[in-house]
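Q: Could you have a look at this structure, given as structure tokens, before my questions?
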Amino acid sequence: MSGATGTAAGVATGADVELVVLLDDDGTPIGTFDKALVHGFDTPLHLAFSCYGFDADGRMLLTRRSLAKRTWPGVWTNACCGHPQPGEDPADAVARRVRTELGVEPRDIRLVLPDFRYRAVDAGGMVEHEQCPVFFADLPTDLAPDPDEVVSWVWVEPADFLATAERAPYLLSPWSVLQAAEFRAAGLLEALPEGLLDSR
């Protein structure tokens, strides 16, 4: 992967206590749970989201997860992941977490994979189990990431991301690899740069 790179710096300010929305197998909310405690060796299905960010030239932002993350520390992944609060609109959750994690204001947030769901287990046995709608957003390039969330980042061509996911999936988070396959099948990234520029 090639592109402009950076490294997060500064002092983390911590985060407020958050709740995640628990779901049954049909995706119906059935309760809430403390986000700090929900991930373990038998993580219940819960609501989340993934966001992929793009600059004015159509490059895609990939981030490397902080080494302090409970699941998949240090792994390269999409621009931002998070969990909507109970009753929170998912697009509002995307905007909130982009501001918190990346320090910038997202624009043109749009839902592209509404039904994405996955379960994955990392090398230490920690489980992610999420109903995880996927969004695209337009991002500025002057990022100021929270080092508790993002340790480094890179802007890449979407084709490079797709090629990495296909040829070297072990370099990326499992959810981004699965999402890349769906992007490829739907032709989403091929049409993205023109669509983004036309939407402004």
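A short reminder: the numbers here are calculations on the coordinates, not readings from a lab. The model shown is predicted, which means the values in this text are computed figures rather than measured ones. Cβ atoms come from the backbone with ideal geometry, glycine included; neighbour counts cover every protein chain shown.
Q: Applying the Karplus parametrisation 6.51 cos²θ - 1.76 cosθ + 1.60 with θ = phi - 60° to the phi angles of the stretch 77-93, what ³J(HN,Hα) value in whole Hz is obtained for each residue in order, glycine and proline being reported as x?
A: Going residue by residue, I get 7, 6, 5, 7, 10, x, 9, x, 6, x, x, 7, 5, x, 5, 5, 5 Hz, with x marking Gly and Pro.
Q: Charges only on Cβ, +1 for Lys and Arg, -1 for Asp and Glu: so what's the dipole of the chain about the Cα centre, in debye to the nearest 20?
A: On the way: 16 positive and 31 negative charges, 91 e Å.
So the magnitude is around 440 debye.
Q: Now a separate question. Compute the long axis of helix 174-186 from its Cα atoms, compare it with the longest principal axis of the Cα atoms of the chain, and write down the angle in degrees, 0 to 90, nearest 10.
A: Helix 174-186 sits roughly 50 degrees off the main axis of the chain.
Q: Also, quick follow-up: Put +1 on the Cβ of every Lys and Arg and -1 on every Asp and Glu Cβ in the chain; which of 36, 125, 91 then has its Cα farthest towards the positive end of the dipole?
A: Ranked along the dipole, the leading option is 125.
Q: Using amide H atoms built 1.01 Å from N in the peptide plane, name the residues 5+ places from residue 88, or on other chains, whose amide H lies under 5 Å from its own.
A: Residues meeting the amide H criterion: none.
Q: Arrange the peptides 60-66, 152-158, 36-42 so that the one whose residues have, on average, the most other Cβ atoms within 10 Å appears first.
A: Details: 60-66: 22.9, 152-158: 19.4, 36-42: 12.4.
Peptide ranking by packing, descending: 60-66, 152-158, 36-42.
Q: Determine, for 30, 109, the number of other Cβ atoms within 10 Å of each Cβ, and report the residues in order from fewest to most.
A: Result, fewest neighbours first: 30, 109.
Q: May I pose another question? Tell me, in nm to one decimal, what length is gained between residue 160 and residue 36 on full extension, where the rule is 0.36 nm per residue of separation less the Cα-Cα distance? Don't skip to the answer; put the middle values down first.
A: Numbers: separation 124, 0.36 × 124 = 44.64 nm, distance 3.35 nm.
Between residue 160 and residue 36, full extension yields 41.3 nm more.
Q: Something else: Per the Kirkwood definition applied to all pairs of different Cα atoms, how many angstroms is the hydrodynamic radius of the chain? Working shown, then result.
A: Working: mean 1/r = 0.0589 Å⁻¹.
Averaging 1/r across every pair of different Cα atoms and inverting gives 17.0 Å.
Q: Take the Cα atoms of the stretch 49-118, find their three principal axes, and give me the spread along each one in whole Å, biggest first.
A: 34, 29, 24
Q: Using 0.36 nm per residue, how much length does the chain from residue 92 to residue 186 gain when fully extended, once their Cα-Cα distance is taken away? Don't skip to the answer; put the middle values down first.
A: Values: separation 94, 0.36 × 94 = 33.84 nm, distance 2.49 nm.
Length gained, residue 92 through residue 186: 31.3 nm.
Q: Hey, fewest Cβ within 10 Å first, where do 46, 83 land in order? Display every interim value, and only then the final one.
A: Numbers: 46 25, 83 22.
Arranged by neighbour count, lowest to highest, 46, 83 become 83, 46.
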